[in-house]
Every structure is written in C-alpha cells, then in structure tokens.
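Only one structure is covered here, and it is reproduced in the block below.
The values are calculated or read from the model by the stated rules, or taken from the named source; none is laboratory data. Quantities reported herein were computed from a predicted structural model and do not represent experimental measurements. Cβ atoms come from the backbone with ideal geometry, glycine included; neighbour counts cover every protein chain shown.
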Amino acid sequence: MIARRAMRNFDVVLVLLAVALVAYGGLLLYSASLNAYPTITMDHPLTKQMIFALLGVGGMIVVAWVDYRVYGQMATGLYALAVVLLAAVLIVGDEAYGSTRWFSFAGQQIQASEVAKLLVIVSLARYLADRQRQMADPRVFVISLVMAALPAVLVLIEPDMGTAAVFGAIWLGMVAMAGAPPRYLVIALGVALAAIPFMALLTLGDYQIDRFRLWIDPASDPLGGGFNIRQAEIGIGSGGIFGQGFTHGTQTQLDFLQTSTTDYIFSVLGEELGLIGALVLFALFTALLFRGIRAATLSQDQFGSLIATGIVIMILFQVFINVAVNIRLVPVTGIPLPFISQGGSSLVMMFVALGLLEGILIRHKRLEF
Amino acid sequence: MSYFEGRRRWRSRKEKREGTPAGRSTSMTAIMRGLVILMFGILIIQLVNLQVIKGEQYREQAEINALREIPIPANRGLIYDRNGTLLVQNTARFSATIIPGDLTDGDEATAYRMISNVIGMPASEIEARVTEGIEVQGEFNPTVIKGDLERDVALTLIELEPHVPGLSVQVEPSRNYLTGDLLSHILGYIGPISAEEYEALADEGYLYQDFLGKSGVELSYEDILRGKAGKKLVEVDAAGRELRVISERRPIDGTNLVLTIDLDLQAAVQEILGEYSTDNDNAAAAVIDVKTGELLSMVSLPTFDGNFFSGPVSEEALASLIESPGKPLVNHAISDRYAPGSTFKTIVGSAALQEGVASTGTTIVSRGYINVENEFDPNVVYVYRDWAPLGALDFYDGIAMSSNVYFYYLAGGFADEGFRGLGADKVAEYARAFGLGSLTGIDIGGESDGLVPDPAWKQETVGETWTIGDTYNFGIGQGYVATTPIQMLRAITAIANGGTLVTPHVVAEYEDSLGNTLEALSSDTSTVPVDTANLQIVGQGMRQSVTSGVARNASVSSVAVAGKTGTAEFGASRDDGTYETHGWFVGYAPAEDPEIAVVVFLQRGSGGSDASPAAARILDYYFSGGGPTYGPGEDIPVPDPSPVDVLDATAAPGTTDEPIADLPEPTAAPEEDPDTAPEPEPTAPPTAPPTAPPTSPPTEPPVAPPTDPPTEPPQETSPPAAALPDERRPHGVVP
C-alpha cells in the first residue's frame, strides 16, 4: 500500500493545474459548440469531455497508485503493445480527414498514437535508465533512436506528421536527459535537418506537400485547404489584446473556423479571449510543465526522471506545435492541444501521464525535510 | 502487493545519483525550464504580432468575413398606355444551376436524383450537363441544368437548396410584355448588363448581375424605371447563410410611366398597316397629337414578339430575326431614312411662299416635262418630267396635283421663262427649319438624323458640283434628301398647327404606384420660320389634294383630311425599266382645326393607291371612334397598283371613277410629243447619277428618280432626277 507519508508528496498543484486547464478547455469547447449544441445535453462535447476528464482522473489515480517501476518491468511488453497498436490501426483503423488514426471501441474512437506515446516514453526510459553508464556508447544512442523511430514511422504512414515529430522530440529530450554526449545530439539534429528535404521527397504524400504549400501561401486555395489557415489567423488576429468576448467571436460562432473544438481550439481562445486569454493558458501550461520538471528532478531514480522528462517534452512539444499551427508558425498538422482539445484518447492519456508523474513524486524519498 | 512495489524482476537503479553530479540534474532542470520559456516565448512573439500589431487589420477582415452587404433590387417601374392599360409586368425567370465544386464528394448521384425528381430531367442528363459545365467553365461556376423553370418547380427546388450543397436556383428579373408584338419597338426590352455598360454605369450603383433597358422606352427611361436598389447588411456564416439582418435600407421602386400611346389605336394602326405591307417589306405609321407632340401610335412593320428577349434567346432565333429581310428589330419609323418624295413638296411650298418665290396665284403650266440645256453645251438638253402633263396650275393645284414641274420651278426656277426659284441652299435651309436632317429628339433611341443635302455638302461628300438638276430633284424630295417617317410627321405637324415644331414623344407622364401623376412631360418646341398664313395656304393645297387631287384615296367621311402623298422610286430598275416605289402619305385632320397628324410609309407601294387608303382607315378609325373603316376597294376605289399599268395610265386621268374636275386639260399628251423630250446627250453630263453618296448614305441609295407616270391618274410619282445621261433614267414616256 502506499504509505500515508508518501501521500504528502502527492503533487496537488499539478493536478489542480491540469483540472484548471480542462476547465479552461471546457469553456472554449462550450463556445465553439454553441451553434451545433445550443443547450448542454448528454451528447454535448462538453459533457463528453468532462466524462473523459473524470475517467482520466481515475486512470491517473490508478497509474499513480501502481509503483511506476512495475511499468519498467513490463517495458518490453509495453513497447511491443505500442508497435502492435500502431501497426494494427493501419490495418483495421478508421479513416477520417484522410488519415487512419483511430480504433473503434465500445462506440468510442481511440487514437492509437495517443496511447503509444506514453508506452514508448516508458520503454525508452527503461532502456536508457538501464544504460545510464553507457550513454557514450553509440550503439545505445542508435538503438534508442530506432526504438523511437519505429513507432514514428508507423504514425507517419497513417499519415500523422505531427505525432511522428512528437516521437522525435520525446526521444531527443530523453537521450539528452539521460546524458548522451552533446556531440551525438548535434549530429542527430544535423542529420535530421539534412534529411528533411529527402524525407519530403520520399515519404511525404501530396497531402503533406499541399499543407506545406498552403502554409506558405494560404491564398493559393482560399476556399479549400487554405481556408482554415486563413480563418484561424483572422480569428486570432481579430481577438486583439482582450478578445472579442466569450462566445462573441464571429469567426468561431459563424462557423468560419473548422475543427474549432479540436485542432483549432486555440483560435477560439485567441479570438474570444485575446492575448490575455492566451497568456493565461501559457501560464497554466508553464506551471504544469515546471511541476513536471520538478518531478523529473525529484525522482528517486533515473527511470522515473526519464519518464517525467519524456512526459514534459511530450506536453510541451504538443502545445507548441498545436498553437504554432493555429498562428501559422508551422504547416498544418493535426495535433490536439493537451487537456484542452476535444478528444477522449488525448485527455485520458494526459491524465495517465500525470499519474506517472504523481507515481514518481509520491515515491521519491529525498530532498524533503 | 509486493508485485506493485516492483521488486520482483527488475529494479530501477537508485544509485544513479551517486554517480551523477548534483549540478547536472540542476542544469538539466534549468535547461528544460529554459526550453519551456523559450518555446512559449516564440508563441507569444507571434501572438503579439498577430493580435496587437496586426490586430486592427485582422479585425477588419473578420468583419468583412461575417458581414455581407446584400442588394435588394427595386421593382422596375410599370408602363401603362394613355388610358391606363397595363402594358408590362415584372416577372422572374428561374433557372436550376449546379456549382459542381460544391457538390458533396461521393454524394453526387444522390444530389442528381433529388434534383431529377423535382425538375423531371433524367439524372444521367443532369450529370452529363455538369460534366460538360466543368469542362467549359470549371468547377466553381454555376452550370445551368435547366432554364426557365415553372414557378412551382422553382419554389420546390429552392426548398431543396439547403439539403443539396451545390444546387442553386438563380433568379433573374424579367419583364412580361402583355401586348405581344404590338408595342415592341416602343417598349423595347431589358437584358443583362454588358461588360461595357457595367464599366460605364458602375458609378451609378449598377451591379454586375443587374438587368437594364436595352432598347425603346426601357432604355431611354432606364433612370426613371429602375428605381433605387436597397441594401441590407447581414451577418452570414461561413456557408454564406444569412443569420440576421443588421441594417436594412428599403429599395425605392421604379417610377411608373404612362405612354402617350393609345393601345386601341396602336392595334388598329398595326392591323391596317399590315394589310398594305408584307413580312419582307418595311412599313411604318405614326399618329401624333399636333398640339402636344404626343405620339398616339407608332408602328413599325414587321414587328417581333415583345417577349422574345424575355426568355432564353437562341442564337438561331436571334439570327433569323436579324437577317429577316424586313429587319423586324429595326424601328423603321425612326431608324430608317428614305427619300421623302413628294411629301417634301409641302416644305418647298412653304418656303416658296415665305420667300416670295410663289404666291397662291403663281401659275405654272406643266406640259409634262421641262427641258434644261447644259450650261456648257446648249446642244445637250436634259429633260425633267412631270408625272403627267397637268396643264396650268396655281399654287393649290401644284400641291394638290403634286406637279413635279411646279416644284421644279419653285425650287430651281426656270431660266427660260425668267422664273427665279428658291435655290438649293434655301430649300435646304427650310428643310432643316422643318426639322429634317437632324434628330427629332423622340424619347426612344435609335433615331436616324436623315440627310438634307446642299451644294457645299455635295462638294465635300460626293466631290462634285451641285447642278440645277440636283436642285430640281431636291425640290420634289428625290435625289440625296432622306428622311425618317417620324421626321416627315413632325414637319407636317408644324404645317398643321401653324408653325410649331414639336418634339414627338411616347411617354406622357411619370406616375407613382397609386396612379398619382408625379410629372407630366411636355414637348420641347420651336417655331418654323414660316408665317402661319403661308402654312395655311399649304394646308389648303393639301386639303385640295384629298378632296380632288392625288390624295383622294385618303378622304374619309368622318373627318376632313388634308394630306400629301409621295411615291419615291428606289433601288435598281426592273427588267421593264420601272422601279420599285416607296409609298408615303403625310396628312392631318380635321383640316380646319387639326388635332392629329398621320404618316404612313410603305417600303413597296405607291403614295396614292396604298399609303393614302391606309392613312384614310387610320384617320377614320380615330375620328369615327373605332367604327368600321374603309377597306381597300370598298368606298374608295383602289386601283391595281401594279406597275404594268403605269404607262397606260399616264395620260388618262379620267380612268378613275371620280374624274378630277378641276384638272386642267393637258396642253399636249406627252407621248404624242416626243420631239420636245429629247434624250439627254449621254456625253458630258454635268451631274453624276444621284446614286448613293460615298459617305453617310441614307438607308438606301436615292437612286433612280422616277419618271414613271403614276399607277393611276390622281397620283404623282417623282419624276426623273437630274438630267441623266444614263439611258434608263428618262424611261417610260419618252421614246
């Protein structure tokens, strides 16, 4: 059983920050769904989101309760599960928006890569923690890279560029944290950057090339693919410092924004709550991530520390990419905004990730007193 | 629970911290915190850029996005005849269109089926049209699936619109002309604004999808009929659906027009005129109020269905209308110019009286021709013919009998007898004073200004010197002079009303929707420089023409008519040397206190036997209140107008049932006196044949001045033009 003493280390602030983010996201969901769902019913996205949040909190408690080192023992199996999930979804998954990412299960759609990300983080953490003294060994570096690359390639096939990039970011953050020689990191980054043009030629479908082109010049197809890029930009820009007011953003309320509850939910915030609203969101995320970094620092072992690092990088990178797409800093790629975007898989897995962090925190034995 | 403590097979190595410098952990923490701050920093910079620096600009774009200004078209003004009969209605034309790019992918078949069910066109055909539409104009332009939908079908289809993305029912304003082909040239028609018109009119608030008047009253009163479109500012969603109206300005409907036209009279005139013309010939007739210039009727034949342009116009149908020999789309009453022939004598007569060239007692003997020597070579003699040897004629007789010789004298003088004429410049001056050679200013477009020649004009345009022959031809309305029927009507109106040159017009007043007069239109007038007394003398001559002269076929029992006929040759000579003739009649009634004036023009016909009886029936219709009118060959004998009769009839004025009592005996029968009518020498002609001048020709070349005797005695034709060396000119009487 978990000792009562350990419970003192339970990071309530972390959970409160997550709950605050979910609540914030709920407001945005409500506003973005106002047209389609004038009243709140059981079908309302907000209702569903809250149910998933509760599920997530439950999952978080369970995951935190189990000693995270158990997951380390299961690492090989978890990794295999991640690969199987990602491979299976390509075969039996549901397609939507030109991409195959979802399993249908009990009437819900489960996004395989959301689950796989955490599994890969745990597996990588186990592998790197086991070899913390051999980090200078190029083989360790390469094998860890392959471990991250395999799922990344699978999600790339879906295709899901964004999530593939998240895998890359997670890996890079974790090997850096694990103490890989900086020159390796530099080489890896250099190779990755040099490979981008080739990757683009070899693996990118027309779909990605289109997205890239549209990012550069949304006006090239103002009513097609460029439409949403443009509308999101207009929406956020028109929000100004204080926003147009909650539920008063014309871009959102008049349906100019598409997927305004998922990938483009930040545009709703930008338009209706303005720069102030965005800063509040960033502050919440920064605080949450700092609590995650704290967990990485406090972890009693390298394994926990690496898991925490992976989770922090994952959340940070997803937030960055999602917002950057909204404000046209990077080409369109469908990544949910953690805790905010509508979507059960992402929300539940985010809470599960927090469960891992809590598990690490409540089992750390030092630095208190 | 020990399993969950995770100690069974694998343990995380806790000893890491012993081998790891504390500082490293701290620095990694710092790096990660730095990374978080860095990444959010990047986002914040871009956000500040979008929201603060460019915020205003995006706000405007968001507004443009969500707000749309939608024009509310005004109802076009209605048009009534002078008695309040509605002549045109506003309607709409519906067409089913598909924007292929907006069809739901994979659902096209369903869409086609749903549309097919409503409009009753097979889905396969709809698909074929869409495919064709994509090829021709791309995916994002509406492809017309079916035009001119029934109203019910269109309304059903409009209800379907929200359920079938890509389907769009387009509504175009249209006009339903209730009078068929009766007023087509007057009312005109409307059509979609052309690119050029749009460019010219965009400042006046015209929109690219607007319709506007293209001809007739629809065009000339466009400003009045159009009204002022309203607009509303609406909030739309991304699909363009109107969510709510933010502000609205009601449209101001167009003003209604009341025409001067009397619909019943118009119908009668068109019917009567039609009996004297064929589909392949032009004809025109108009009736005007001599005091106000209001046109009570104006008919141009052949005509066309007023609704021809209201429906979809097929290329072939339009081409056949344009190429049809009678040129139905042209308003021959105002757009075509013809040699006025003897109707022009009314103006020459007025001028001669005013200038003192002639008085009522001026007697001139017509032996059927006059000879003029070539001014350089006395051996060359030109002959100018009358239509018959009419004997001694005073001024009234000159007009009544339409003696060419009489008017040769008045226009060009006769040197042999020391008679000084007006001269070409004076004739031209008066012709212009009577409104010839310039637009009448009628309030519908497409008017021709005709041509009044003079020596300077000939020198400049034809490059030849004006001759006495030109003056003679000019004096009898032949040669270069060309007028529209409406110009002759206007000139005769001035004679009828004592010298006021009115502006003929077809719109009487503007009315609001309740029938209240907003503005009554009056005619601009000017005065002809001829004393009323002199005009009355001309009028008496015209009255005599109807009672006992060449215009007797224009007499009716219901009213005293004054009139003047004209028979002008045109075109190339026929095999037998004769020419086709235009038939003219201009006149007014009642002769003593004129109310209305009439012009009848027939492209093929004679003034006396065709135009005159047509005018008689029109006048009788008007004055006997629409009662029975004369038909050809009834009350008034209408001889066979066949040109075959022409020669025989020349010297036989008594062949009509009603001998012309006051006709002086001809001094000699021209056919018995060939010596006096020598052929002009074919060499050294002082004039060129009066064919069409190279520039600014009338609608048809004023060729071939006629020498033909009339088809029957009481009828004149214009005589030969200038002494023409050409053998074919002085044909007929002279051997």
All conditions in (1) modelled with pLDDT of 90 or more; (2) small (Gly, Ala, Ser); (3) buried (at least 24 other Cβ atoms within 10 Å of the Cβ) are true of B:ALA388 except (1)
Among the residues of region B:160-215, the number that are of a type in the set (D, E, K, R), without any contact (Cβ under 8 Å) to a residue 40 or more places away in the chain and in contact with a Ser or Thr (Cβ under 9 Å, 6 or more places away or on another chain) is 1
Residue hits (region B:111-147; surrounded by 15 or more Cβ atoms within 10 Å (Cβ to Cβ) and of a type in the set (D, E, K, R)) are B:GLU127, B:ARG129, B:LYS146
For region B:43-82 the number of residues that are more than 7 Å from chain A (Cβ to nearest Cβ), free of Cβ contacts under 8 Å to residues at least 12 places away in the same chain and within 18 Å of B:VAL234 (Cβ to Cβ) is 3
Original post:
Got at least one residue in region B:434-441 being closer than 30 Å to B:ILE186 by Cβ and aliphatic (A, V, I, L, M)?
Top reply: yes
task: Check region A:89-97 and report whether any residue there is under 20 Å from A:PHE351 (Cα atoms) and either within 14 Å of chain B (Cβ to nearest Cβ) or not polar (S, T, N, Q) (or both).
output: no
Turns out the helices (runs of 4 or more DSSP H) fully within region B:10-79 with at least 1 residues that are modelled with pLDDT of 75 or more are B:22-48, B:55-66
Is it fair to say A:ALA353 is part of a helix (DSSP H, G or I), surrounded by 24 or more Cβ atoms within 10 Å (Cβ to Cβ), modelled with pLDDT of 90 or more and within 12 Å of chain B (Cβ to nearest Cβ)?
no
Regarding A:GLN251, is this residue in contact with a Ser or Thr (Cβ under 8 Å, 6 or more places away or on another chain), outside any helix (DSSP H, G or I) and at the interface with chain B (Cβ under 10 Å from one of its Cβ atoms)? no
Checked region B:278-304 for anything of a type outside the set (A, V, I, L, M, F, W, C) and crowded, with 24+ Cβ neighbours inside 10 Å; matches are B:ASN282, B:GLY293, B:GLU294, B:SER297, B:SER300
Scanning region B:563-593 for residues that are within 14 Å of B:PHE623 (Cα to Cα) and in contact with a Phe, Trp or Tyr (Cβ under 7 Å, 6 or more places away or on another chain) gives B:ALA589
Could you say whether any residue in region A:324-342 is within 7 Å of chain B (Cβ to nearest Cβ), within 27 Å of A:GLU158 (Cβ to Cβ) and part of a helix (DSSP H, G or I)?
yes
Of the residues in region A:62-120, those that are within 20 Å of A:GLY168 (Cα to Cα), assigned to a helix (DSSP H, G or I) and of a type in the set (D, E, K, R) come to A:GLU114, A:LYS117
Looking at the structure I just gave you, is A:THR309 among the β-branched types (Val, Ile, Thr) and within 11 Å of chain B (Cβ to nearest Cβ)? yes
ask   = Regarding B:ASN307, is this residue in the same structural domain as B:PHE407 (by TED's automatic domain parsing), surrounded by 23 or more Cβ atoms within 10 Å (Cβ to Cβ) and among the polar types (S, T, N, Q)?
value = no
Going through (1) aromatic (Phe, Trp, Tyr); (2) under 22 Å from A:PRO338 (Cβ atoms); (3) at pLDDT below 90 one by one, A:TYR207 fails only at (2)
Would you be able to say whether some residue in region B:548-558 is of a type outside the set (Ser, Thr, Tyr), within 18 Å of B:TYR338 (Cβ to Cβ) and crowded, with 24+ Cβ neighbours inside 10 Å? no
Within region B:500-524, the residues that are part of a strand (DSSP E or B) and surrounded by 15 or more Cβ atoms within 10 Å (Cβ to Cβ) are B:THR500, B:LEU501, B:VAL502, B:HIS505, B:VAL507, B:ALA508, B:GLU509, B:TYR510, B:GLU511
When every residue in region A:22-47 that is of a type in the set (A, V, I, L, M) and either within 14 Å of another protein chain (Cβ to nearest Cβ) or assigned to a loop (DSSP other than H, G, I, E, B) (or both) is compared, the one farthest from B:VAL236 (Cα to Cα) is A:MET42
Going through (1) in contact with a Lys or Arg (Cβ under 8 Å, 6 or more places away or on another chain); (2) touching a residue at least 60 places away in the same chain (Cβ under 8 Å); (3) buried (at least 24 other Cβ atoms within 10 Å of the Cβ) one by one, A:GLU233 fails only at (3)
- Does B:GLY213 satisfy the criteria of being in contact with a Leu (Cβ under 8 Å, 6 or more places away or on another chain), under 23 Å from B:ILE442 (Cα atoms), modelled with pLDDT of 80 or more and not assigned by TED's automatic domain parsing to the domain that holds B:ALA508? yes
Condition set within 11 Å of chain B (Cβ to nearest Cβ) and surrounded by fewer than 21 Cβ atoms within 10 Å (Cβ to Cβ), scope region A:255-264, selection farthest from the chain's Cα centre (by Cα): answer is A:ASP255
Being at pLDDT 80 or above and either of a type in the set (Ser, Thr, Tyr) or assigned to a helix (DSSP H, G or I) (or both) narrows B:VAL144, B:VAL88, B:VAL153 down to just B:VAL153
With the first residue restricted to region A:265-288 and required to be facing another protein chain (nearest Cβ under 10 Å), and the second required to be of a type in the set (Lys, Arg), Cβ contacts under 8 Å at 6 or more apart or on different chains are none
Flagged in region A:52-72 as free of Cβ contacts under 8 Å to residues at least 24 places away in the same chain and either within 14 Å of chain B (Cβ to nearest Cβ) or in contact with a helix residue (DSSP H, G or I) (Cβ under 6 Å, 6 or more places away or on another chain) (or both), in numbering order, are A:VAL70
